[in-house]
Amino acid sequence: MSDQILWFATRGAGTVSLLLFTAVVCLGILAVVRWQSPSWPRFLSVELHRSLALLSVVFLGVHIVTAIADPFTSLGVVAAVVPFASSYRPLWVGLGVISVDLLAAILVSSLLRPRIGQAAWRAFHWLSYGAWPLAVLHGIGSGSDASAPWMMTIAASCLAAVALSLTWRVAAGRSNRGELSRVAAGAGAGREPRRA
Amino acid sequence: MPDLQRPVHQRRLLDGPPALSGAETLTSHVARLGQLPPRAASREVIATLEASGLLGRGGASFPVGRKWRTVAERSGGRATVLVNGAEGEPLSAKDRVLMALRPHLVLDGALLAAGAVGAEEIVVYVGAAHTAARRSLERAIGERSATAPSPPAIPTRLVVAPDRYVAGEESAAVHFVTEADARPTVTPPRPFERGIGGRPTLVQNVESLGHAALIARFGADWFRAAGRAETRGTALVTLTGVDRPGVHEIELGTTVAALADLGGKARADTQGVLLGGYFGGWAAIDEAWDLALDPIALKASRRAFGCGVVSFLAADACGVKTTARIMDYMAGQSAAQCGPCVFGLRAIADVTRRIGDGAADTDDLARIERWAGQLAGRGACRHPDGAVGLLASALSVFGEEFVRHASLGRCSRPEFGEKAA
Amino acid sequence: MSIQVDRIRCDGYGMCAELLPEMIELDDWGYPIVRPGTVPDGLLEHARRAIEVCPVLAFRLQAVPESAPAPAPIPLRAVPARGAH
């Protein structure tokens, strides 16, 4: 009975963490494309991105701890941090482990951003484009209920959300910085001011 | 008019062989002026420079002695001297002329500076377009390394500066020498704190160094003996918009009228004069005619001597169109690092051109005033401030013409093919 | 403490102006115009929040030397008289 609880806890926390992680990725993109509306100021994308990231880490922690504690998976602590070292579905769990390792790097670098500087922080942050898909794959492949409709729906929604966000990111074109040389040279019209 | 009866031409920096004979050789330089006095290249020269009141000739008119003292205090014997011969200001030619004709004066000045501030290296930074100046300095550096110099040589190398307006800005110069990127950096720290190789760096204009080389030999009193107004000494000016344009050495305090006479320009034929280059500003001829070209006095009247550009605008030229061309140039010369400068200057330039072409919208004048009012101090360097300063002076001097262009779409000084007001 | 902007790093995100509108306004292209002078004590927390939200860490608070007098607040939308610098 308690094993069932641990298994549900692991699955549940993992799923919530994935959903939150997906929201975090989308919010990060919202911030970069500078999305805003009368009810959604730009700073909200950044602050919510950070808050949900921390929350997702909490659920991730529960997911990992309960997974280790669950006798069914026979995951040791080592297998939780070293990829492909578990005896239970080593590939799929391993992908999750890599994802966690990358996330740990992103988390630490973000907490230390004032110390390490903007350039280093940004380099670490790019790892998120690796960490997220690995988390999705891990979610699809690790559980025995992977083919259950609800899991597939969740996975599909996460994929769709990020795919849409990425498309938006690409469509939004170059940031201000990318345009500066062009505008200074007078090539093409200078950006139309927001107010005449 | 007594001022016009005094000879305008001075012969201090430009004393020596005629311009036609090109770069002065080391032999001629030493024969004419002697070696630098023993122990001249040391901290003692700083007091002499301070006593002379020599102001920097790169555009800011900052006291040279004080600048050297600031670097000397921090250098710990590991500073660098950057000899600034980039001369990115298009209207100015005096630096390239001095470098081309009197390279050893410049190098003497650099040696003095190196000894005074405790530098272990001299970098000579010359604009790519100034080929005669570059060749002359290369040759001069070679001449010195071939002889047994006194004072002992300090490693000196020449770096070619890109042909950009901001390449001569002090942080841009340091950035280029250090990382081959001639774009200004965020200050603080300024070069005198952290420059080339992270060490204190003295960035000094070539003309300032030339004056220092003479002051070290002949003294502060000798230097101060020249001058017609508050600021003492001589300076090089670049005279354009006249019948006989060129670089001249004048006593500071010489009037604009005397220069017009020297270059050949009647008062009736000119409507205004640009003082200090694109980083300076316009003055209407009625106000400027009797103006003394004296950095301290000009600063007090909110004008600038700058890099010594004196450029007359013909009476039949359009001040608006001329300003529009300058603004377009300044926008294009932005280092393209800071949004306000890039977008602001480009918008101002485009709208000023629209006004110049007589195709302005109703609010265009208000627009450029607003944008210009917001721009000062919002870039990493002072490029937008300079451009906006020029625009402000244009709006003041050519105000009537701007209004005529903006509200009527007409020009009172049409160029070929245009309708008159 | 005063606000110091790294103008090269600033990329016009504009979130600072949302969180500290009393001192930061955006120009026509979304770049910050910062009111010069000391940040009033009551706004320091908001200023810190604004500094942390900036995605590119483009500005910071800097201690102002005590000898520097506090300049009078300048209305951000002042249009200079024609001819003023």
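Read-outs: derived from the displayed coordinates by stated rules, not from any lab. None of the values given here were measured: they were computed from a predicted structure. Methodologically, a virtual Cβ is constructed for each residue, glycine included, from the backbone with ideal geometry; neighbour enumeration extends over all protein chains shown.
Annotations
- Of B:S52, B:S396, B:S61, the one that fluctuates the most in a GNM where chain B has Cα springs shorter than 10 Å: B:S396
- Shielding score for A:165-178, defined as the mean number of other chain Cβ atoms within 10 Å: 2
- In this structure the amide hydrogen of B:D163, modeled in the peptide plane, comes within under 5 Å of the amide hydrogens of B:A128, none closer than 5 places in sequence on its chain.
- Region B:127-188 versus region B:301-362: alpha-carbon centroid distance in Å: 29
- Calculated from backbone phi, Karplus (6.51, -1.76, 1.60) coupling profile of region B:230-243 in Hz, x at Gly/Pro: 5, 7, 9, x, 10, 8, 8, 10, 10, 9, 9, x, 10, 5
- Averaged over the residues of B:395-401, the number of partner chain Cβ atoms lying within 10 Å of the residue Cβ comes to 2.
- If you take all other residues with their beta carbon under 12 Å from the beta carbon of B:A225, and give Lys and Arg +1 and Asp and Glu -1, the sum is +2.
- Close amide H contacts of C:L26 (hydrogens built in the peptide plane, cut-off under 5 Å, sequence separation of 5 or more or a different chain): C:I33.
- Couplings 3J(HN,Hα) of region B:153-163, computed from phi: 5, 10, x, 10, 10, 10, 10, 8, 7, x, 7 Hz, in residue order, whole Hz [Karplus 6.51 cos²θ - 1.76 cosθ + 1.60, θ = phi - 60°; x for Gly and Pro].
- If you run the Gaussian network model on chain A, springs between alpha carbon atoms under 10 Å, then out of A:A131, A:A85, A:A123 the most flexible one is A:A123.
- Within the straight-line cut-off of under 20 Å between alpha carbons, the aspartates and glutamates reachable from B:K321 are B:E89, B:D269, B:D350, B:D357, B:D361, B:D363, B:D364, B:E369, B:E400, B:E401, B:E415, B:E418, sequence neighbours fewer than 8 places apart in one chain being disregarded.
- Three-way shape label, the protein assembly as shown, alpha-carbon gyration tensor, a/c 1.5: prolate
- Residue-count net charge about B:K94 - beta-carbon cut-off 13 Å; Lys, Arg +1, Asp, Glu -1: -2
- Residue by residue along B:371-378, Cβ atoms of other protein chains within 10 Å of the local Cβ number 5 on average.
- Annotation: the antiparallel percentage among DSSP beta bridges lying fully within region B:38-141 is about 10.
- A Cβ-based charge dipole, computed about the Cα centre of the protein assembly as shown with Lys and Arg at +1 and Asp and Glu at -1, lands at about 580 debye.
- Per-residue ellipticity at 222 nm from helix content only, as computed over the protein assembly as shown with -39500 (n - 2.57) for each DSSP H run of at least four residues, stands at -15000 deg cm²/dmol.
- Exposed-loop-free span, longest in chain B, where GluC sites (Glu not before Pro) count as exposed if DSSP calls them loop and at most 15 other C-beta atoms lie within 10 Å: B:1-192
- Here B:K94 is the anchor, and the aspartates and glutamates within straight C-alpha reach of less than 14 Å, apart from those fewer than 8 places off in the same chain, are B:E207, B:E249.
- Amide H within-cut-off set for B:C411, under 5 Å, with H built and near neighbours excluded: B:A421
- Alpha-carbon centroids, region B:368-416 and region B:43-96: separation in whole Å: 32
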